[in-house]
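Throughout, read-outs are computed from the coordinates displayed, never taken from laboratory work. Since the structure is predicted, the reported quantities are computational estimates derived from the model, not experimental observations. Cβ placement follows ideal geometry from the backbone for every residue including glycine, while neighbour counts extend to all protein chains displayed.
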Amino acid sequence: MFDAVAKTLAHDEIGAGYRRLVFEAPELSAALAPGQFVHVRVPSLEPSALRRPFSVFDAAEGRVTVLYKTVGRGTLALNGVKPGDEVGVLGPLGRGFPVECDGAALLVGGGYGVAPLHFLARSLKASGHDNVIAFIGGRTSNDLLAVDELRALGVDVRLATDDGSAGVKGLVTDPLDDELARLRADGRKFELFACGPDPMLKAVAMRANGTGAKGWISMDRHMICGVGACYACIQKTVRGNSRCCVEGPVFRATDLVWE
Amino acid sequence: MVSTKVNLGGLEMATPVATASGTFGYGFEYAGALDYSCLGAVTAKGIRLAPWPGNAMPRHAEVYGGLVNAIGLQGTGLDHFLDITVPHYTAQVKDAPPMIVNIWGGSVDEYAEVARRLTEAAATPECAAIKAIECNVSCPNVKEGGHTFGQDPSVLNRLVSAVRAKTALPLIVKLAPNVPDVRPYVKACEDGGADALSMINTIPAMVIDIERRRPVLANVSGGLSGRGIHPVAVKLVYDAHKATKLPILAMGGVYEAKDAIEFLLAGATAVAVGTATFSDPSTARRVLDGIEEYCTRHGFASVADLAGAAH
């Protein structure tokens, strides 16, 4: 774990309300694994403000990239960070995705939940795993992030939007279900990896558990400490009240208990 | 060279800076983010006999100047704590500082039993890090750890006496801030045989989601910690110091050395960093450096000489 002071290299809007932030943090970058997160001290908030957790879009060549949506006071203040600004970044934190997969790797993401799936896709590809399909959902085409980057990695990308402005009109589970039917008809193996809003995660976890496939589900919770000390970011699991920051954020689908 | 050693009711601390219960896990979670040599003690999260699930989510809400939480004392229970957690702390943390164990329970007997077993364990090499007990009688988020024992001086006295009878370890009692006059509680601890006081616990508080028209926390209310409660804590420490010779471990909004020095001058022997660790894990280091700098600048040879100097 590093409590790094990272220099901001780039900060760009990548769609209405979504931003990409790039830090220079060599030790942190080298230590991060897909699905792990960093805890960021937002410079323009009062010094006593809590840190904000962000999953990692990519970590390579000494850099750490996060994608975020402006949703509240913290992310709004983060909008003001400029290249050259120093930012406190604590990490790597949490348990990430396994960078291995038996059969097809089916990545399911919604909104900024695509971020850790991009890091995972790149890592799977780099480790020689070719069969990666990403299912990306959002309300409109504007909410579909990292599609070009995923395609550039050679990932087969399937899209779904609520309004039909990109991909199929409907939920991200629609194209996923089509693919699941094909894979099962062919008797082929697959694993599911998901990050996004809770209803989507539950839907993916149910499909993993229903098919007997492995499911790896990344939970998004408000956090305080990020290191397992405060017990604020709880997800119910078969083991009881588990902390998303250290026992997650990625959980086995079979471990999650949905309320 | 300023001497930073202090003695908190028999607990020898190499520095006057500790961590506050509930903000520092079981001591090992921040290994890697903080150099522990600045700490005179760590305080482990509240523990009772059996595992305890804590409250439903959401458990916290950030507010200007602090944090409202209702974690609800989630914990793994005493067996796991002694078998796994304490040895893990000693193994993970280099030169592990002495551990103060925060305890709570559903009855006087439970507090006493936890104290007895901690005392027994502290004599073994695996759990030798355990050096003191802090009785939580003031958590605003669970009935048993709060109202029942901390809001009535006679009940408090009975609890402290019962725990005292079971332990020779330094016994600290953590008091509630929301009492009309802290002095009867101080006396109840003194008469019950406490070695030190810690203060303050969080202040009962609530946040309402105006869009949903419901309280934010699942527990409805919680406890306020952080910057905003510091002046409240300073007054209570000042009042308590006037009323007793018991040493005081002061906590509540310590973000920088100035906050800690105020506590020491008000009468505290040592201070604990709490919520500030969440935004800056190195807070304890900055606080200790600042205390030493202050002592040098004002000609104090020892931090211990600061205790109560504002009276």
**Q.** Shielding by partners - mean other protein chain Cβ count within 10 Å, residues of B:58-67
**A.** 5
Q. Say the dipole of the protein assembly as shown comes from +1 at the beta carbon of Lys and Arg and -1 at that of Asp and Glu; which of A:G137, B:S282, B:V160 then lies farthest toward its positive end?
A. B:V160
Q: With only Lys, Arg, Asp and Glu charged, each at its Cβ (+1 for the first two, -1 for the last two), find how big the charge dipole of chain A is about the Cα centre; round to the nearest 20 debye.
A: 460
**Q.** the protein assembly as shown: antiparallel DSSP beta bridges as a percent of all, rounded to 5
**A.** 50
Q | Shielding by other protein chains, A:236-249, mean Cβ within 10 Å | A | 2
Q) Quick one: if the Förster radius is 56 Å, what FRET efficiency do B:D181 and A:L76 give, using the C-beta to C-beta distance and rounding to 0.05? A) 0.80
Q) So which aspartates and glutamates pass the test for B:K45, namely a Cα distance under 14 Å, with those fewer than 8 places away in the same chain ruled out? A) B:E29, B:E134
Q) For chain B, modelled as a GNM with alpha-carbon contacts under 10 angstrom, which of B:R285, B:R117, B:R212 fluctuates the most? A) B:R212
(Q) Tell me which of A:A77, A:A60, A:G35 sits at the most positive position along the dipole axis of the range A:2-93, charges placed on C-beta atoms (Lys, Arg +1; Asp, Glu -1). (A) A:A77
Q: With runs of 4+ DSSP H residues as the only contributors, calculate the mean residue ellipticity of the protein assembly as shown at 222 nm using -39,500 (n - 2.57) per run, divided by the residue total and rounded to the nearest 500.
A: -7500 deg cm²/dmol
Q.
From zero outward in steps of 10 Å, how is the percent of C-alpha pairs of the range A:104-255 spread across the bins?
A. 12, 40, 35, 13, 1
Q: Work out the length of the dipole vector of the protein assembly as shown about its Cα centre, built from +1 on the beta-carbon of each Lys and Arg and -1 on the beta-carbon of each Asp and Glu, and round it to the nearest 20 debye.
A: 700
Q. Counting only Cα, what are the radius of gyration and maximum Cα-Cα distance Dmax of the protein assembly as shown, in Å?
A. 25.3, 82
**Q.** Net charge over other residues, Cβ less than 11 angstrom from the Cβ of B:V93 (K, R count +1; D, E count -1)
**A.** -2
Q) How far is it, in nm, from the label point at A:K189 to the one at B:D289 when both lie 7 Å from their Cα along the line to the Cβ? A) 5.3
Q: Once you have the Kirkwood Rh of chain A from its Cα pairs, apply Stokes-Einstein at 4 °C and 1.567 mPa s and quote D in µm²/s.
A: 70
Q. So for the range A:104-255: antiparallel DSSP bridges make up what percent, rounded to the nearest 5?
A. 20
Q. Taking the Cβ of A:V227 as the center, what net charge do the other residues with Cβ under 15 Å away carry, scoring Lys and Arg +1 and Asp and Glu -1?
A. +3
Q.
On a 25 Å Cα-Cα criterion, which of the cross-link pairs B:K94/B:K131; B:K174/B:K235; B:K166/B:K235 come out too long?
A. B:K166/B:K235
Q) Just how large is the dipole of chain B about the Cα centre, in debye to the nearest 20, putting +1 at every Lys and Arg Cβ and -1 at every Asp and Glu Cβ? A) 500
**Q.** DSSP-defined antiparallel bridges as percent of all bridges, chain B, nearest 5
**A.** 35
Q) If pairing requires two Cys Cβ atoms under 4.7 Å apart, which cysteines of the protein assembly as shown are left without a partner? A) A:C101, A:C195, A:C245, B:C38, B:C127, B:C135, B:C139, B:C189, B:C295
**Q.** Crossing angle, helix A:198-211 versus chain A [Cα axis fit, 0-90 degrees, rounded to tens]
**A.** 40
**Q.** Neighbour-count ranking [beta-carbon atoms within 10 angstrom, fewest first] of B:M206, A:M219
**A.** B:M206, A:M219
**Q.** Around A:A253: net Lys/Arg minus Asp/Glu count, Cβ-Cβ under 11 Å
**A.** +2
Q | Fluctuation leader among B:V114, B:V237, B:V155 - chain B, Gaussian network, Cα springs under 10 angstrom | A | B:V155
Q) At what distance in angstrom do the alpha carbon centres of the range A:172-205 and the range B:197-246 lie from each other? A) 47
Q | Under 28 Å between alpha carbons - lysine pairs in the range A:104-255 that sit 8 or more apart or on different chains | A | 11
(Q) Test of understanding: in a Gaussian network model of chain A with alpha carbons linked when under 10 Å, which of A:E86, A:E24, A:E46 would top the mean-square fluctuation ranking? (A) A:E46
Q | Extreme residue, positive dipole direction of the protein assembly as shown, given options B:A18, B:T90, B:P177 (C-beta unit charges) | A | B:P177
